[in-house]
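Just below is one structure, and these are the notes that go with it.
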Amino acid sequence: MSWLGLHWADWLLLLAYLIGVTALGVWSHRRVKNMVDYFMGGRRFGKAFLIFFAFGAGTSSDQAISVVAGTWRAGLPGIWWQFLWLWSTPFYWMVAPIIRRMRAITTSDFFEARFDTSTATLYSIFGITISITIIASGLYGSGKMVNALTGGQLQRLAEELNIQVPEFHWDPHEQRVVTGWRTMQGYEFAILAMTVLFVLYGMAGGLGAAILTDLIQGILTIVFSFLLLPFVFQQIGGFGALHTYEIPGKEDMFNLFASGEIARRLGREPLDAFYVFMLSVTALAGIVVQPHIMGVCGSGRTELDGRVGFCYGNFLKRFCTIAWTFTALACIVWYLHPELSPLPDDVRQRLTPDVPGAEPGKVPFDERFDRAFADELFGRAAYELLPTIGPGLVGLLLASLLAAVMSTCDAQMITASGLFTENIYRRFLVPGRSQRHYLWVGRIAGLVIVLLALALQATFSDVIDALKVVLKWPAAIGISWWVGVVWKRWTPAAVWVSTFTTIAVWAGLVYFPERWWFLPEFMFTSPTKIADKWQMFLYMTAGLVSGLVTSLLTRPVATEKLERFFLLLRTPVRAGERVPGPCALPEDPEPPQPLLVSRYGLQIPRFTVLDVGGFAFAWLLVGFLVWLTWWLARVL
């Protein structure tokens with residue numbers, strides 16, 4: 001017996017997961033008594049919980065799907081759509097204690113303490129937008145996969161119901177936003193179901209509920225990452241069989257960086273070393289201002305808890321990324337080799353790049369069809385393989401997928417609602433009300449934020465497109481965070497100018513490339529498109545330079561305010577300490593950490609053995625992961 005393409009055992013397992021995780025989240029409601037409980041989980045969590053919270057909040061099924069889709073289209077270099085954060089990960093060890101020492105509830109509190117109220121408000125609006133974008137991206141990619149896991153049954157149901165929804169998108173030819181109506185898609189039904197669930201337990205239990213459920217959901221996400229891998233390899237002859245077959249147009253799919261020739265043939269920008277470098281710099285600039293990071297680093301009992309959670313929760317994600325990549329490489333061989341493919345010949349040929357000496361009468365390569373196929377590749381493979389292994393496995397994968405996306409979305413919803421409630425509603429609109437009043441405002445704000453994310457996801461064209469938006473948007477204001485914690489001279493005016501210069505240059509490069517005719521020809525991939533790597537280089541440089549110039553031309557922040565802020569960053573956190581409010585020291589603080597550099601306005605603290613040792617070990621782990629990926633690409 002089955003419904004929507006799923007066996008009864010799949011539905012039973014899925015139902016058990018959904019009831020369990022929702023009940024756990026709602027149970028957490030009884031521990032929520034004030035704003036710190038709701039938005040910081042009471043700062044009561046240790047290393048194990050924070051590892052899985054960092055892993056769960058930062059790992060969504062759309063990221064697995066983006067890596068699988070990127071690998072399908074570019075080969076092994078597709079791993080960089082998540083490995084771009086690999087080079088950033090050692091810095092998490094150094095950043096976590098800085099964030100914990102802020103003793104803030106939201107990142108907006110940091111901007112208030114370091115700069116002024118105007119920049120705190122700017123970040124609040126910006127941070128809410130970032131969260132909306134991340135939620136939209138997660139829901140979009142996961143919805144695509146759920147539809148594939150039902151064998152397209154959801155899409156057929158959507159076509160039968162024919163529900164009309166509003167549509168809007170940017171038309172590059174007319175250079176304006178186009179609106180209209182369209183039929184609701186099958187994957188959007190899955191998105192609505194996921195949304196109801198994480199909103200229910202997230203609104204009830206706050207960040208504590210998110211952290212508790214992320215322990216379970218993190219384990220399921222690991223299952224999700226590795227479950228399909230052995231079964232796909234079984235289809236091509238087992239581990240070690242990847243190099244047995246030659247796939248036309250995919251000759252370089254085992255190179256760690258994509259060659260320009262193959263990328264140009266496929267109409268794509270090559271993932272070369274400079275592209276990866278710019279992706280990594282942009283990711284590092286933006287990661288610290290993603291709203292949930294304050295919760296990841298600030299909800300722990302101690303600085304070390306936050307360090308271990310933030311750094312090694314993300315290293316756990318890097319191992320899962322390797323599994324996603326090799327699942328996709330095996331899918332390339334399975335689906336595109338004529339002797340192995342379960343696809344009809346005409347479909348397989350539409351997915352095979354056109355190369356000299358191709359099959360006689362080959363159907364031409366269809367790039368648009370290829371992109372759509374890539375987005376649903378993981379789900380398609382699971383739907384075709386797992387039922388042949390045993391009942392319930394599709395349900396297990398689906399539960400794991402839902403765990404991955406909901407653990408990200410609930411954290412983003414809660415932190416974004418905190419930004420609105422603490423830094424906009426209570427500060428400007430309705431001050432002086434009870435904790436209970438603000439808790440309910442936070443819950444309602446979270447619901448509105450999710451509704452906006454649902455509207456945004458409808459504008460994405462594919463999962464790689466969604467990932468690029470998530471990557472680039474936070475970096476605009478992230479520049480001010482990085483400079484602001486090490487240089488006193490960066491001013492509130494610089495925050496505004498740097499942020500909006502970065503956004504303006506980015507928008508101009510993306511939407512009006514013809515107006516940048518004066519740029520060198522090598523920066524363009526076509527007359528109407530500037531290369532993505534040069535877009536990042538130009539707008540990041542513009543943001544940094546404009547901020548530096550503005551800082552030198554505008555009045556600095558008051559000396560007393562700066563001294564108080566940088567003393568806060570240098571004062572270690574004592575377990576169990578109580579502070580009177582956000583960004584404030586306890587009555588009996590620890591001695592401040594001495595400075596290594598204090599000239600020219602720089603404030604760089606002296607590093608401890610724990611700082612240097614942990615940072616160095618993290619880089620060794622980075623080297624190991626790169627070597628492991630390279631080695632597996634040669635032996636599997």
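Bear in mind that the values in this text are calculations on the coordinates, not laboratory data. None of the values given here were measured: they were computed from a predicted structure. Cβ atoms come from the backbone with ideal geometry, glycine included; neighbour counts cover every protein chain shown.
List of remarks:
- Stretch gain in nm, segment residue 368-residue 630, where the contour uses 0.36 nm per residue and the Cα spacing is subtracted: 91.3 nm
- Computed E for residue 590/residue 8 - FRET, C-beta separation, R0 56 angstrom, nearest 0.05: 0.45
- On the basis of the beta-carbon distance and an R0 of 25 Å, residue 94 and residue 567 show a calculated FRET efficiency of 0.85.
- Cα shape, segment 273-353, gyration tensor, a/c 1.5 rule: prolate
- Computed E for residue 193/residue 444 - FRET, C-beta separation, R0 25 angstrom, nearest 0.05: 0.70
- Proximal lysines relative to residue 250, as straight alpha-carbon distance under 20 Å, when same-chain residues fewer than 8 apart are discounted: 362
- Note on residue 600 and residue 223: the model spin-label points, each 7 Å out from Cα along the C-beta direction, lie 5.5 nm apart.
- Length added when fully stretched, residue 179-residue 519, from 0.36 nm per residue minus Cα-Cα: 119.1 nm
- Above-threshold pairs, the threshold being 32 Å between Cα atoms, out of 317/533; 488/529; 317/488: 488/529; 317/488
- Potential lengthening between residue 244 and residue 511 on full extension [0.36 nm per residue; Cα-Cα distance subtracted]: 91.7 nm
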